[in-house]
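These notes are about the structure you will find just below.
The values are calculated or read from the model by the stated rules, or taken from the named source; none is laboratory data. Quantities reported herein were computed from a predicted structural model and do not represent experimental measurements. All Cβ positions, glycine included, derive from the backbone under ideal geometry; neighbour counts span all protein chains shown. Only protein heavy atoms, including side chains, enter the accessible area calculation; ligands, DNA and RNA are left aside. Shrake-Rupley method; radii C 1.70, N 1.55, O 1.52, S 1.80 Å.
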Amino acid sequence: LKWLGKSLEERGLFTQFISPDSGRLRPGVITLGARVDSVYEYFLKLWVLNNGMDVEARRLYEKSIRLILEELTLQSNASKMTFIAEKNGHTLLGKMDHLVCFMPGLLALDYAFRAKAGMEHGVEFPHSSSSNNNSNKKK
């Protein structure tokens with residue numbers, strides 16, 4: 001978790017590839033799709049498997065979800081529905097990888113575990129009228 005936490009703090013969300021020479025994330029597309037989706041799941045799953053006691057896994061999960069919501073959410077012009085896009089450099093791409101389908105289940109697991117344990121709710125979600133979603137409309 002230390003390396004993942006350091007990478008998340010230094011670079012933000014994870015790209016798809018790690019350099020075999022340096023062991024650092026390579027520049028590239030930020031996606032919740034192939035090669036990356038599991039890391040975000042495992043932050044929460046480690047926390048749940050440790051009965052809510054793994055503070056570092058929880059911190060990494062919450063930071064990841066916040067970054068995903070801040071950096072990767074777009075709203076389509078046609079339907080006005082919000083979706084999780086991909087990002088290449090500073091450009092949000094108007095597409096969502098099919099492997100992002102894990103996200104609703106991940107958020108539901110977080111909510112269900114917290115509710116069962118009598119904990120407060122987790123990450124707050126921006127409303128569709130927030131400045132974030134208005135600034136991230138798909139052109």
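Does the stretch 55-65 contain any residue that is assigned to a loop (DSSP other than H, G, I, E, B) and touching a residue at least 60 places away in the same chain (Cβ under 8 Å)? No, the stretch 55-65 has no match at all.
When the residues of the stretch 54-93 are filtered to those that are small (Gly, Ala, Ser) and within 16 Å of the chain's Cα centre (by Cα), the one that is nearest to LEU44 (Cα to Cα) is ALA57.
Can you tell me how many residues in the stretch 30-53 are of a type outside the set (D, E, K, R) and under 14 Å from the mean Cα position of the chain (by Cα)? Can you show your working first?
Step one: list which residues in the stretch 30-53 are of a type outside the set (D, E, K, R), which gives 30-34, 36, 38-40, 42-44, 46-53.
Filter once more, keeping what is under 14 Å from the mean Cα position of the chain (by Cα): 30-34, 36, 38-40, 42-44.
Adding up the residues that qualify gives 12.
The single condition among (1) open to solvent by 70 Å² or more (accessible area, probe 1.4 Å); (2) more than 27 Å from ALA112 (Cβ to Cβ); (3) hydroxyl-bearing (Ser, Thr, Tyr) that THR15 does not meet is (1). Picking from residues in the stretch 66-82 that are out of contact with any Gly (no Cβ under 8 Å at 6 or more places or on another chain) and surrounded by 15 or more Cβ atoms within 10 Å (Cβ to Cβ), the one that is farthest from GLY5 (Cα to Cα) is GLN75. Candidates are the residues of the stretch 83-104 that are open to solvent by 20 Å² or more (accessible area, probe 1.4 Å) and assigned to a strand (DSSP E or B); the one that is nearest to ASP37 (Cα to Cα) is ILE84.
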